[in-house]
1. For the range 108-138, how many residues meet the condition of being touching a helix residue (DSSP H, G or I) at 6+ places or on another chain (Cβ under 8 Å), on the phi < 0 side of the Ramachandran plot, surrounded by fewer than 16 Cβ atoms within 10 Å (Cβ to Cβ) and not in a helix (DSSP H, G or I)?
2. Collect the residues in the range 51-66 that are part of a helix (DSSP H, G or I), surrounded by 13 or more Cβ atoms within 10 Å (Cβ to Cβ) and under 13 Å from the mean Cα position of the chain (by Cα), keeping them in residue-number order.
3. Give me a count of the residues in the range 67-101 that are in a helix (DSSP H, G or I) and farther than 15 Å from residue 4 by Cβ.
4. Somewhere in the range 15-32, is a residue at positive phi and either within 18 Å of the chain's Cα centre (by Cα) or surrounded by fewer than 21 Cβ atoms within 10 Å (Cβ to Cβ) (or both)?
5. Can you confirm whether the range 36-50 contains a residue that is surrounded by fewer than 19 Cβ atoms within 10 Å (Cβ to Cβ), modelled with pLDDT under 95, out of contact with any strand residue (DSSP E or B) (no Cβ under 8 Å at 6 or more places or on another chain) and not in a helix (DSSP H, G or I)?
6. Which condition number in (1) at pLDDT 95 or above; (2) over 19 Å from residue 51 (Cβ atoms) is the one that residue 142 fails?
7. Is the range 3-25 home to any residue that is in contact with a strand residue (DSSP E or B) (Cβ under 6 Å, 6 or more places away or on another chain), part of a helix (DSSP H, G or I) and touching a residue at least 12 places away in the same chain (Cβ under 8 Å)?
8. Does residue 112 qualify as being farther than 23 Å from residue 51 by Cα and either at pLDDT below 95 or under 13 Å from the mean Cα position of the chain (by Cα) (or both)?
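The values are calculated or read from the model by the stated rules, or taken from the named source; none is laboratory data. The shown structure was predicted, so the numbers you read here are calculated from the model rather than taken from an experiment. In this analysis, Cβ positions are derived from the backbone assuming ideal geometry, glycine residues included, and neighbour counts consider all displayed protein chains.
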């Protein structure tokens, strides 16, 4: 199953659910919590958005109750997948920090990921997506934009 475009409300729902997990990781400083979130980020970034359990929850429970999104309002999944990759890196650093008893490192990486997720959930502003767009401007002409 390939995802061609994304409902922006689903992206924000996913960011809200991710924020809950990241907040739990920050409060508990548990490498296990961060490792679980790292796996979720990795599945979405490296395999595909269709594997996102929060997206599936949104599609099956929330989206049917909402009006359809106009095609022009739907989002390209490439920037969102990139942002999942950025989240993966921060979750990896937090997991390593917590597991290696480098709690300050874990907290810093965890907190930065949480801020980014909250910006997306609350304001619809995706930092990773913005990074993707900036990097695309510097990509060589003719570079592939496929997933």
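1. Result for the range 108-138: 1.
2. 51, 54, 55 - these are the residues of the range 51-66 that are part of a helix (DSSP H, G or I), surrounded by 13 or more Cβ atoms within 10 Å (Cβ to Cβ) and under 13 Å from the mean Cα position of the chain (by Cα).
3. Residues that pass the stated criteria total 18.
4. Narrowing the range 15-32 to residues at positive phi: 29.
Narrowing further to those that are either within 18 Å of the chain's Cα centre (by Cα) or surrounded by fewer than 21 Cβ atoms within 10 Å (Cβ to Cβ) (or both): 29.
Yes, the range 15-32 contains a residue that is at positive phi and either within 18 Å of the chain's Cα centre (by Cα) or surrounded by fewer than 21 Cβ atoms within 10 Å (Cβ to Cβ) (or both).
5. yes
6. Condition not satisfied by residue 142: (1).
7. Within the range 3-25 (the criterion being in contact with a strand residue (DSSP E or B) (Cβ under 6 Å, 6 or more places away or on another chain), part of a helix (DSSP H, G or I) and touching a residue at least 12 places away in the same chain (Cβ under 8 Å)), the answer is yes, since at least one residue qualifies.
8. Here the answer is yes, as residue 112 does meet what is asked.
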